[in-house]
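Encoded as structure tokens, the structure appears first; notes follow it.
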Amino acid sequence: MIFPGPFAIARQEISGPRWIIWGLAGIVAALMVPLLIIVTGCVASTLSRGLLAPSVRFGRALRVPLPASLLELEPLTQLAWLVGLIALLSVALAILLWRTQVGLLQRSRQTIESLHSRLLQHSLHRAQTEGAAAQRARVEALIAKELPSLRVGLIAWWQSLPRTLLTMIGCILVALLVDVWLAALAVVSAIFVWRLQVWLSSRESVRMIGWELANSQQRLVELVQQAPLLARLQSRAVVADVFAEELQRVRRRQAIVDGHQARIVPLVGLAALLAVCVVVLALGVNRFRVDPLTEEATGQGMGLPAAVVLALSLTVATISAIRLLRAYKKIRKASGAAEVIYHFVNGDEEGELGDRVGITGLRSAVELDRVTLSGNSGRDILTSLTLRLEPRSLVAVLGTDAVSTAALTELLLGFGKPSDGTIAIDGLPIAEIHPNSLSRQVFWIGQDGPIWSGTVRENLLGLDAIGGDEAMREALRRVGIYERLNDLSDGLSTVVTPDDQRLDSPTRYAVGVARALLRRPAVVVVEEPDSAEMLDDDPSLDALLFLAQSGSLVIILPRRLRTLRVADRVILLNGSRLAGEGKHEALLAGSDLYRHLNYLLFNPYRKQ
């Protein structure tokens, strides 16, 4: 099988009788092309002397029978009927091509949509062990690069098989029936020119020069980067001489590559021209072996109609071959993309979740005991982090590395596993808690809420919400957006979307806080939105303080100075390590790093 494995699986991702019909339509369209060429040959025969015999002979072995009714007509009428038939076949071919193209595009779209859904499900699953940040980067690459590449390859496959391949085979068969030796000569000449181009493009010596050229260019980059330091050790003139010497190597190697590239086009063009000359000469030999009065081919000759059919057949076969080669390149790239995609969606599953336990709240504390988390590069994101986070408190996490602070909150949400150490809720390791229970008790508020498609009411109320509409209105009043949402076209029944322009960033964030007020989870993890202004009154922050006073543990990544001031505790990370913890005022007095971060992040006059 050609391109087995994941790419073959992708081709069968969406299947059924409907797509078999589209495949049959492609076969019919492919067979119509040789038929059109033969009818065109009949037109050429009509233009020569009209259709007189019961059949039209094209070359050595191709004979086309004609209906008796057509032979009784005048030559001009015969021509009109044949041209009309060509027009009818062309319209039918165009319709078939359009419908098959629509069908294969729809099938490829449905295949990619199916894989998108599977990516989502497996990303949710893998995030439990690998972390949400790792999944974001990986899924972004899959969706932005691999899936589009796979779709292009699927379209190329379904266009090529069977349509383009059958068109090429049909045209070659017609050419062989017209004159087997001329057709074979043309095919061999085309293969020779193609192989010559491949050989010239892939010569080992030129590939080696290209590799050396890339290394020299990289060396130039390093020299430019190191120039200021080298100038301290040596004179600038010496540095310039070293750079000029390396530049000279680049120039010589580039000249070799350019000279080779400049020779490919004329050599291949010359070979193609010589091949065409040979074929035309052979065609002329056959062409002139005919009766000059009747232009009927002799036993070894070829008439003008046969020459037309042969030329058209070889031309269409050549075009089809070029399309197949281009499709092959796309399919090879898509095959690699399919392997990456299916490796992701068919990865090893976690063990059964039946032995996981549930939690109903937070009574004692969330504890991190010597937690270490390593990234893909081997660098520690968190190093030997030990913390005790108790309920009824608002804890701000501030650090020099946004990756480390985000990783800490993701671990608390249950995404990823520490390389070392343990995370426990009331003494129960977080890895032993059922994800459904953890998602109810550890709640996340993003910078934009988030908002999903649905009514405002549906965005707020759910299975875990406490109370009904009245509780919802009270939560919206507490975060200060009830009047704003109630003034929408349908009030709280207004349908909103993630990119709804009627909701600004503070409103979206406030919706997320209101959602937490309605669910009253044990732990709330908050990504505070950026704010360019100093806010003395912040209803959303007041609502989070209310949640903390009501018994929740609120962990927030702060973006505002007021958040640090009102926090019960600030955790300070320097890179991957704990650098301090305590109240805002105490850290300001005792930590140079904390004062520096406050200056960088929250001083409105810093840029001035």
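Among the numbered conditions (1) touching a residue at least 60 places away in the same chain (Cβ under 8 Å); (2) part of a helix (DSSP H, G or I); (3) more than 41 Å from the chain's Cα centre (by Cα), tell me where LEU544 comes up short. Checking LEU544 against (1) touching a residue at least 60 places away in the same chain (Cβ under 8 Å); (2) part of a helix (DSSP H, G or I); (3) more than 41 Å from the chain's Cα centre (by Cα), the one that fails is (3). The residue of segment 548-563 that is modelled with the lowest pLDDT, among those that are buried (at least 16 other Cβ atoms within 10 Å of the Cβ) and more than 40 Å from the chain's Cα centre (by Cα), is ARG562. Residues in segment 507-533 that are among the basic types (Lys, Arg), in a helix (DSSP H, G or I) and out of contact with any helix residue (DSSP H, G or I) (no Cβ under 7 Å at 6 or more places or on another chain): ARG508, ARG519.
Of all residues in segment 474-511, those satisfying the criterion of being surrounded by 19 or more Cβ atoms within 10 Å (Cβ to Cβ) and aliphatic (A, V, I, L, M) are ALA475, LEU476, VAL479, ILE481, LEU485, LEU492, VAL496, LEU503, ALA510, VAL511. Here VAL566 fits the description: touching a residue at least 24 places away in the same chain (Cβ under 8 Å), surrounded by fewer than 21 Cβ atoms within 10 Å (Cβ to Cβ) and among the aliphatic types (A, V, I, L, M). Taken over segment 165-190, the criterion of being closer than 13 Å to ILE319 by Cα and not small (Gly, Ala, Ser) is satisfied by LEU165, LEU166, THR167, MET168, ILE169, CYS171, ILE172, VAL187. None of GLY551, GLY575 is more than 24 Å from SER384 (Cα to Cα) and either touching a His at 6+ places or on another chain (Cβ under 7 Å) or touching a residue at least 60 places away in the same chain (Cβ under 8 Å) (or both) except GLY551.
Of the helices (runs of 4 or more DSSP H) lying entirely inside segment 57-161, those containing at least 3 residues that are at pLDDT below 90 and closer than 27 Å to ASN346 by Cβ span 75-130, 132-141.
The C-beta contact set for segment 175-191 (first residue crowded, with 17+ Cβ neighbours inside 10 Å, second residue basic (Lys, Arg), distance under 6 angstrom, 6+ apart or interchain) comprises ASP179/ARG60.
When residues in segment 1-50 are screened for being part of a loop (DSSP other than H, G, I, E, B) and at pLDDT 85 or above, 3 of them pass.
In the set (1) of a type outside the set (Lys, Arg); (2) more than 14 Å from LEU557 (Cβ to Cβ); (3) at pLDDT 85 or above, ALA431 fails one condition alone, (3).
Close Cβ contacts (under 6 Å, 6 or more residues apart or on different chains) running from residues in segment 65-91 that are assigned by TED's automatic domain parsing to the domain that holds LEU52 and among the polar types (S, T, N, Q) to residues that are surrounded by 14 or more Cβ atoms within 10 Å (Cβ to Cβ) and outside any helix (DSSP H, G or I) comprise GLN78/LEU51. Please work out if SER90 is of a type outside the set (Lys, Arg) and buried (at least 17 other Cβ atoms within 10 Å of the Cβ). No, not satisfied.
The values are calculated or read from the model by the stated rules, or taken from the named source; none is laboratory data. Being a predicted model, the structure only gives us computed values, none of them experimental. Every residue, glycine as well, gets a Cβ built from its backbone with ideal geometry; the counts of neighbours run over all protein chains shown.
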